[in-house]
Amino acid sequence: MQLVFDNLPFLLKGAGFTLLLTLVSMFFGLIIGLVVAIARLKGNLPIRWIARFYVSIIRGTPLLVQIVIIYYGLVDYGITLGSLTAAYIALSVNAGAYLSETFRGAILSVPKGQLEAAYSTGMTPWQAMRRIVLPQAMRIAIPPMGNTFIGMLKETSLVSVITVSELLRQAQLLIAQYYQYMPFYLGIGVMYWIMSTGLAFILERFERRLAKAY
Amino acid sequence: MITTTGLSKHFQDHEVLKSINIEVAAQDIVVVLGPSGSGKSTLLRCLNGLEDISGGSFEVNGIVVDATASRRLRQQATRNIRKQSGMVFQQFNLYPHKTALGNVIEGLITVKKLPKDQAVTIGRKLLDRVGLADREEYYPSRLSGGQQQRVAIARSLAMEPAVMLFDEPTSALDPELVGEVLSVMRELAQEGMTMLVVSHEMKFAREVATKIILMADGNIIEEAAPQRFFEDPKEERTRRFLRQINEI
Ligand SMILES: Nc1ncnc2c1ncn2[C@@H]1O[C@H](COP(=O)(O)OP(=O)(O)OP(=O)(O)O)[C@@H](O)[C@H]1O
Ligand SMILES: [Mg+2]
């Protein structure tokens, strides 16, 4: 265990990257998810079809495969990405697909009467979406969004395969150096656990604050 | 103010409105009666563009929607009509994420693009008019049904409509809350608002309406001034309807 403490700064740097990967890909995932959800609900036929295809592919394949395709596979087509860039893209695109499903469900669960009331005061479909439907949908989407968020924190460990120096990768480097497995794996296990329960705690408070609003 | 000419509506092969001709003049209070499923809500929804019409045409305050016109023209006309007509729903449909005042000023800010302080001034005046000046900060979940419906009426009035459509505004209310909504509607009528009201409130119809229309199975059965309608109906169907109402 002493080994873990001696190398704590090295591991904490990895944990920092894990958090950064989570936050950045969640941010872009939210934007992608919202755009795709609206495209699927309001777009014309080809756009709806493309959006559906995207969601289906991402949800139907392992994240690990998506990561290696973006990092190693695209090289064949002359697209060479840095490992960190590839990680951001893979994780954002992946989260976007799942979040789009969350948003779509949430938008659909806003009662039809809300739209009708908005239309009857002369709002355009876009105004009604932005001012009336989305604020209500977001509230409905927050608990499942929180789950995706925490899931994302753990799934970032997969980008260790493309040598991004996040928490798991840092542990593997230390293991290669000291030929000791258990202390490092246990150590990062605890660190993941602290981060995800911390995140869950923050999200829960946020959720409760929003729930109180009306 | 409102004229429909051969207005028809079908859902798939189900004919819900069969060539409806009605006329609502300025300052008229027209009450539409009829059994459940007769097409009353559908008629109002067509007039507010919430349903696309299948045949015929209608006109609201000079704006014409014709079933034979292109879809784009119809949608454009519909949007203009909505700016001139208010609609009040059976289920209120208040925005739950906005306060009473927020509900009233939403259209002023989003559609009319008024500055916030100006919208708030108008909103407060309207809440006062429906007797809810002290509830402006309340969210709908903390208002009674009657209060919610009055906020909904204020929200419609905020857009300064030339005509108001009411679809069973008191049907979802507990009996003791019906009166407060009806009295707001009576005041509106006295102030000269043009109103088309679907309702089962017979006393209101008798006392406030300038004309009663009975609908059944997508047709207009009879239309007459209240006195004649209730005292001396011409149609057998109307007599049957009034007998059924009186039994309840
Ligand atoms: N969106 C829809 N799709 C298919 N059928 C519909 C739709 N909306 C209404 N209908 C049908 O149209 C008919 C008329 O409905 P409408 O709601 O206009 O009746 P109503 O007179 O308002 O009845 P109520 O007094 O119960 O409110 C009903 O048979 C109903 O089932
Ligand atoms: Mg109805």
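Things worth noting here:
- For the range A:193-214 and the range A:11-79, distance of Cα centres in Å: 25
- Against the main long axis of the alpha-carbon atoms of chain A, helix A:182-212 sits at an angle near 20°.
- The chymotrypsin sites (Phe, Trp or Tyr not before Pro) of the range A:115-209 that DSSP puts in a loop, and whose beta carbon has at most 14 other beta carbons within 10 Å, are A:Tyr179, A:Tyr181.
- By the rule of a C-alpha distance below 16 Å, with chain neighbours fewer than 8 residues away ignored, the aspartates and glutamates paired with A:Lys154 are A:Glu166.
- Solvent-accessible area per residue for the range B:127-207 (1.4 angstrom probe, square angstrom): 39
- The mean count of C-beta atoms from other chains within 10 Å of the C-beta of residues in B:90-98, rounded to a whole number, is 6.
- Where only DSSP H runs of four or more residues are counted, chain A gives -26500 deg cm²/dmol as its mean residue ellipticity at 222 nm, each run worth -39500 (n - 2.57).
- Solvent accessible area, Å² - B:Asp117, 1.4 Å probe, full protein context: 110
- Remark: relative contact order (chain A) = 30 percent; criterion is Cα-Cα distance under 8 angstrom and separation of 6 or more residues.
- The mean count of C-beta atoms from other chains within 10 Å of the C-beta of residues in B:146-152, rounded to a whole number, is 0.
- Tensor-based shape of the range A:2-213 (alpha-carbon gyration tensor, a/c under 1.5 rounded, otherwise prolate or oblate): oblate
- Residues in the range A:100-126 occluded by at least 40 Å² - accessible area, probe radius 1.4 Å, against chain by itself: A:Gln114, A:Glu116, A:Ala117, A:Tyr119, A:Ser120, A:Thr121, A:Gly122, A:Met123
- For B:Ser36, the solvent-accessible surface with a 1.4 Å probe is about 120 Å², rounded to the nearest 10.
- 3J(HN,Hα) couplings calculated from phi for the range B:192-204 with the Karplus curve 6.51 cos²θ - 1.76 cosθ + 1.60 (θ = phi - 60°) are, in sequence order, x, 5, 7, 9, 10, 10, 8, 7, 10, 7, 5, 5, 4 Hz; Gly and Pro show x.
- Per residue, in Å², the accessible surface of the range A:1-150 once ligands and nucleic acids are set aside, probe 1.4 Å: 50
- Test item: B:75-86 mean partner chain Cβ contacts at 10 Å: 2
- Degrees between helix B:145-157 axis and first principal axis of chain B (Cα, 0 to 90, nearest 10): 90
- Buried surface between chains B and A: roughly 1900 Å² of accessible area, summed over both sides, computed with a 1.4 Å probe on protein heavy atoms only.
- With Cα atoms, 0 to 90° folded angle of helix B:236-247 axis to chain B main axis: 50
- For the pair A:Asn44 and B:Asp217, label points projected 7 Å from Cα toward Cβ lie 4.4 nm apart.
- At least 30 Å² accessible surface lost relative to isolated chain, residues of the range B:36-63 (1.4 Å probe): B:Arg45, B:Leu50
- Taking 0.36 nm per residue of separation and subtracting the current Cα-Cα distance, fully stretching the chain between B:Lys116 and B:Ala172 would add 16.9 nm.
- Amide H to amide H distances under 5 Å link B:Ile221 with B:Leu214, B:Met215, B:Ala216, where only residues 5 or more positions off or on other chains count and H is placed in the peptide plane.
- The distance between label points at B:Ala26 and A:Leu8 comes to 8.2 nm (points 7 Å beyond Cα on the Cα→Cβ vector).
- Only protein atoms count toward the accessible area here, which uses a 1.4 Å probe; on the protein assembly as shown, the carbon and sulfur part of that area reaches 57 percent.
- Computed E for A:Leu23/A:Tyr178 - FRET, C-beta separation, R0 30 angstrom, nearest 0.05: 0.45
- Inter-centroid distance (Cα atoms) of the range B:152-179 relative to the range B:83-111, Å: 11
- Exposure of B:His14 as accessible area (Å², to 10), given a probe of 1.4 Å and all protein chains: 110
- The residue among B:Ala26, B:Asn48, B:Phe229 whose Cα reaches farthest toward the positive pole of the charge dipole of chain B, with charges on the beta-carbon of Lys, Arg, Asp and Glu, is B:Asn48.
The values are calculated or read from the model by the stated rules, or taken from the named source; none is laboratory data. Just so it is clear, the model here is predicted, and its values are computed rather than measured. Glycine also receives a Cβ, built like all others from the backbone with ideal geometry; neighbour counts cover every protein chain displayed. To get the accessible areas, we keep the full protein, side chains included, count just its heavy atoms, and leave off ligands, DNA and RNA. Shrake-Rupley method; radii C 1.70, N 1.55, O 1.52, S 1.80 Å.
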